[in-house]
Every structure is written in structure tokens, then in C-alpha cells.
Amino acid sequence: MDDRNGNVWLYNRNLKPSHFPTALRLRGGMTSDKVSMNKVVPQLIVKCRKCRSCNETLAHVLGQCIYTKAQRIRRHDDIRYFVTNKLPNMKKGIKIIEESLIPTPTGNLKPDLVVVNQGRVHVVDVTVRHEDIGYLDEGYRSKVMKYTPLLEILAEQLNVERGWVLPLVVGTRGSMSKTTIDSLREININDRGSFITISLLALRNSIEIYHTFMDYNALVA
């Protein structure tokens with residue numbers, strides 16, 4: 001993957017020594033989820049060992065299983081907190097509204113951040129998606145579709161111009177797409193150090209999620 005920010009851990013010491021081998025396995029698809037293992041040694045059952053509702057793929061472990069939900073929320077929140085704390089330091093005059101419940105004609109919406117910058121209001125929302133089979137692109141499109149109706153409402157309420165929905169879509173293994181970097185730059189987060197930090201927050205949390213899920217002392221069906 002041609003991703004200077006998402007690949008920085010490969011050549012800098014950004015991970016704990018105990019995490020580095022797991023990062024390599026996650027990146028190389030050499031993980032111990034049942035679907036991956038089935039490619040090497042046929043598995044009698046490939047349903048998830050924890051929830052038993054879906055096939056146990058790496059995407060399921062890192063992004064869908066109810067067993068890992070609390071850690072996935074923490075991963076999301078770590079990224080949101082970083083962006084929120086970064087914004088006041090970037091430029092005076094930025095107004096931030098966090099997790100406000102906003103009524104719309106079709107129901108209430110609660111974006112991570114509403115940011116007013118240079119007289120425009122933007123909706124900023126974080127999502128962490130697995131990198132395979134178009135999940136990152138789908139994450140971007142779904143956030144734009146979901147929150148676009150808020151822009152006119154917010155512009156009128158705050159007496160500013162309508163801006164854009166700015167999805168911050170980060171890969172479970174730390175990938176950073178151009179659209180995410182463009183979204184960050186729109187709210188004046190331009191430094192590569194911030195891009196790398198966001199990438200590493202996603203990757204480190206995903207490693208912890210994987211380690212927690214792969215409890216080999218648990219009963220495996």
C-alpha cells in the first residue's frame with residue numbers, strides 16, 4: 001500500500017516490540033481468525049468463536065464483532081479526542097461543537113464534531129473501517145450521505161455559510177486515504193505528524209483488539 005503515513009511504523013520505532021509482529025501479521029493477512037486459517041488448514045467451523053453470528057474474518061474481528069465493541073468505541077474516541085484537542089491549537093476563531101444531538105426532518109443526528117472555520121460550518125465524523133473490498137470508500141460515501149442534510153440546518157442556526165461533510169475514514173490497520181487527509185486540511189490540520197498520530201492510534205488499538213479477541217484459553221468451537 002502506497003501510504004507514507006500508514007506505513008511509517010514499518011521503518012520508525014512507533015510500536016511496542018511486542019506489537020510489531022502482530023502489526024506485520026495484520027498487514028500481511030497472516031492472522032489466526034478462522035477464515036484466514038481455513039485457507040491453510042480446513043476448519044470444521046468458521047463462525048466467530050465469540051459471537052457465533054458471522055464468519056470469523058479479520059474484518060469481523062476488528063470492525064464488527066460484539067465482543068470487541070467496547071474497544072472499537074475506544075479506538076474511535078481516541079481519534080476523535082486527538083482531533084478535537086488539536087483544533088484549538090491550529091488557528092484562533094475555530095468554533096467546535098462536540099457530539100451535539102441535532103434534529104432533522106428525518107430524525108436526530110449526532111455527528112462527532114461540528115466545526116466552524118473561516119465563516120463556514122463543517123460536519124466532521126470519524127469512522128474506522130477495514131481496508132479490504134472497498135470498505136474505506138463506502139465509509140466515506142455513507143458519512144457524506146448521512147450528514148449532508150445537516151449542513152443547511154447548521155448554517156442557518158449558526159448564521160454562517162454552508163461548508164462540507166468531512167469524513168475522517170481511517171483503516172483498521174492504519175491506512176490514511178487522500179480524502180481523509182483532505183478533510184483534515186480543510187479544518188487546518190496540515191502537519192504530517194498529526195496524520196501519523198491518527199494512523200498509529202487506529203493501528204495500536206486494532207492490535208489490542210486482536211490480542212483481546214485471540215484468547216487462546218477460551219473455548220474455541
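Below, the figures for the structure above:
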{"quantity": "Selected residue [out of contact with any Gly (no Cβ under 7 Å at 6 or more places or on another chain), surrounded by 15 or more Cβ atoms within 10 Å (Cβ to Cβ) and either among the aromatic types (F, W, Y) or closer than 21 Å to F195 by Cβ (or both)] from I96, I153, I102", "calculated": "I96"}
{"quantity": "All positions within the range 161-175 that are within 30 Å of I133 (Cβ to Cβ) and either free of Cβ contacts under 8 Å to residues at least 40 places away in the same chain or of a type outside the set (V, I, T) (or both)", "calculated": "W164, L166, P167, L168, G171, R173, G174, S175"}
{"quantity": "Cβ-Cβ under 8 Å pairs, at least 6 apart or on other chains, the range 193-221 side among the charged types (D, E, K, R), far side at pLDDT 95 or above", "calculated": "E208/Q71"}
{"quantity": "R129 surrounded by fewer than 19 Cβ atoms within 10 Å (Cβ to Cβ) and basic (K, R)", "calculated": "no"}
{"quantity": "Output for the range 44-53, where each listed residue is free of Cβ contacts under 8 Å to residues at least 60 places away in the same chain and either exposed (fewer than 14 other Cβ atoms within 10 Å of the Cβ) or closer than 17 Å to I209 by Cα (or both)", "calculated": "L44, C48, C51, S53"}
{"quantity": "Residue pairs meeting the criteria (Cβ under 8 Å; at least 6 apart or on separate chains; first within 25 Å of M176 (Cβ to Cβ) and among the basic types (K, R), in the range 137-160; second at pLDDT 95 or above and in a helix (DSSP H, G or I))", "calculated": "none"}
{"quantity": "Residue check for V41: free of Cβ contacts under 8 Å to residues at least 60 places away in the same chain and not basic (K, R)", "calculated": "yes"}
{"quantity": "Candidate set from the range 1-38 (those that are among the acidic types (D, E) and touching a residue at least 12 places away in the same chain (Cβ under 8 Å)); member that is surrounded by the fewest Cβ atoms within 10 Å (Cβ to Cβ)", "calculated": "D3"}
{"quantity": "Any strands (runs of 3 or more DSSP E) falling wholly within the range 37-121 and containing at least 1 residues that are among the β-branched types (V, I, T) and at pLDDT below 90", "calculated": "102-104"}
{"quantity": "Residue count for the range 70-93, restricted to those that are at negative phi and loosely packed, with under 12 Cβ neighbours inside 10 Å", "calculated": "6"}
{"quantity": "Meets criteria (within 17 Å of E186 (Cα to Cα) and β-branched (V, I, T)) for V124", "calculated": "yes"}
{"quantity": "Residue among N55, N12, N5, N85 that is in contact with a Ser or Thr (Cβ under 6 Å, 6 or more places away or on another chain) and not aliphatic (A, V, I, L, M)", "calculated": "N5"}
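The values are calculated or read from the model by the stated rules, or taken from the named source; none is laboratory data. Keep in mind it's a predicted model, so treat the numbers as computed, not measured. All Cβ positions, glycine included, derive from the backbone under ideal geometry; neighbour counts span all protein chains shown.
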